[in-house]
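What follows draws every value from the coordinates through simple rules; no lab data is involved. Owing to the predicted nature of the structure, the values given are computational and were not obtained by experimental measurement. For neighbour counting, all protein chains shown are included, and Cβ atoms are generated from backbone atoms with ideal geometry for every residue, glycine included.
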Amino acid sequence: MRNMALFGTKRDVRPSTGAMGERPGFAYLPADALYFDSACQTMRPQTVIDALTAYYTTYNACGERVHYAWGREVDEQVSATREAVLRRLGLSPRRYATSFTLNTTYGLNLLLTQLPTGRYRRVVTTHAEHNSVFLPTIAAARRLGIPRVLLDRTPDGAVLYGDGDLADAVVVVTAMNNVDGSPTPNLAELVRDAHRAGGIVLVDAAQAFSHDPDLLRGVEADAVCFSAHKAYGASLGVVAATRHLLESLELGFVGGGQVASVETDDYTLLTEPHSRLEPGLQAWGEIVALRAALAFAGDFPKTAGETIPERERRLGGILYEGLSELPNLRLLNDRPSAVLTFAPERVDAHRLATFLSHAGVMVRSGWFCAHHWLKEERGLPPLVRFSIGAHTTDEDVTRALGILTPLLRGL
């Protein structure tokens, strides 16, 4: 009965048929599972579930501290995952290292709370940021005793900045907005200009890593932070940072896994820079599962005939056109995207999301952790968000629109 409540009043576990109705990698999902909250966390493909299960059932050991066979297998898997992340981002392992943490917010906080004092003159971000960026930059500016500068963006998402804004600055921006899916088209230029001005750039790639990876590839930011659970992996945070940045941190969060030796009142850190963000035991199974998630994304065109971003753009276009034709809503998007948000009229967003849930359509409602931008800056009420993932089919979009249409027209 629990599953019937989740997926509607009638549970249909038969797999969809036809190229447009298939869910490559997600055969376990019921055909009537209309999940549109991939911006929060994606569905996990079977290969990722299998990789995580295999860790727990065949070599469940600690990594980086044991010498028996299971532990060596963990070490090999974790090392391969670190390398796979850098390959996906197009970053050199000679200059960058991959660290694992809890989530994107945690990774950004670990960096910002341990930056050296006296080195930077300002913290810079924009008004249109997720709380994962907006809140830690407030705390970082306070801790470092420097001003915090809020910049604007153009309608297409580009960051607007002047010559002096980036001088010796800690710049923290989101690569892709989680409200309307708009990218930061001048991200590479922003990184180059900040480096020329003596600044550093930390990127929140929680959405971009999954929905628009080309936006990140080869962009040599000082750190790129993302969440594996938004990119078809298990719950995990990832930081790909320059070795220079990691080695410059003034560590205040330390523990086993980071040290080569410990004396009465001192310790010696390991030489591997990734360890600077990894105190204590890590989520070994989740790290192994991330490697499977990256492989799934790379192999997706072989089974689906299109990449995951291509699938999302195509289905986002269909959903965008459908929403544009409906009454009693105002779309925030001015173009198709994998993330589409609207303000419903004549009904509260949370109430509409509840109605949709009763009909088997799972969507997000609220301000999506962008409270300052949506609520304070734009004065918007709670909103409704549809976000598409690799599991989404043409039939899903058609059925969701078919359920939403009479609800809105009946208001």
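Tabulated values for the structure
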{"item": "Among 323-333, 207-217, 167-177, the order from most to least packed when residues are scored by Cβ within 10 Å on average", "result": "167-177, 207-217, 323-333"}
{"item": "Packing-based ranking, highest mean first, of 351-361, 141-151 given that Cβ atoms within 10 Å are counted", "result": "351-361, 141-151"}
{"item": "Percent of beta bridges antiparallel (DSSP, the chain, rounded to nearest 5)", "result": "60"}
{"item": "Dimensionless Rg over Rh [segment 330-411; C-alpha; Kirkwood]", "result": "0.96"}
{"item": "Values of log10 I(q)/I(0), in the order q = 0.15, 0.20, 0.24, 0.25 Å⁻¹, for segment 256-325 under a Debye, Cα-only, solvent-free model", "result": "-0.72, -0.89, -1.02, -1.05"}
{"item": "5 Å binning of all Cα-Cα separations within segment 287-379, expressed as whole percents from 0 upward", "result": "3, 11, 15, 18, 17, 14, 12, 8, 3, 0"}
{"item": "Dipole in debye (nearest 20) - the chain, about Cα centre, beta carbon charges: Lys, Arg +1; Asp, Glu -1", "result": "620"}
{"item": "Computed over the chain, Cα set: Rg, Dmax in Å", "result": "22.1, 72"}
{"item": "FRET E, pair Y28, E310, Förster distance 25 Å, beta-carbon r, rounded to 0.05", "result": "0.60"}
{"item": "Of the DSSP H helices in the chain, those whose Cα atoms cover at least 18 Å axially and whose Kyte score averages 0.5 or more", "result": "131-144, 284-304"}
{"item": "Computed Rg/Rh of segment 64-144, alpha carbon atoms with Kirkwood Rh", "result": "1.10"}
{"item": "Karplus (6.51, -1.76, 1.60) ³J(HN,Hα), θ = phi - 60°, over segment 359-366, in Hz, Gly and Pro reported as x", "result": "8, x, 9, 9, 10, 9, 10, x"}
{"item": "Peptides 334-345, 245-256 ordered by average Cβ neighbours within 10 Å, highest first", "result": "334-345, 245-256"}
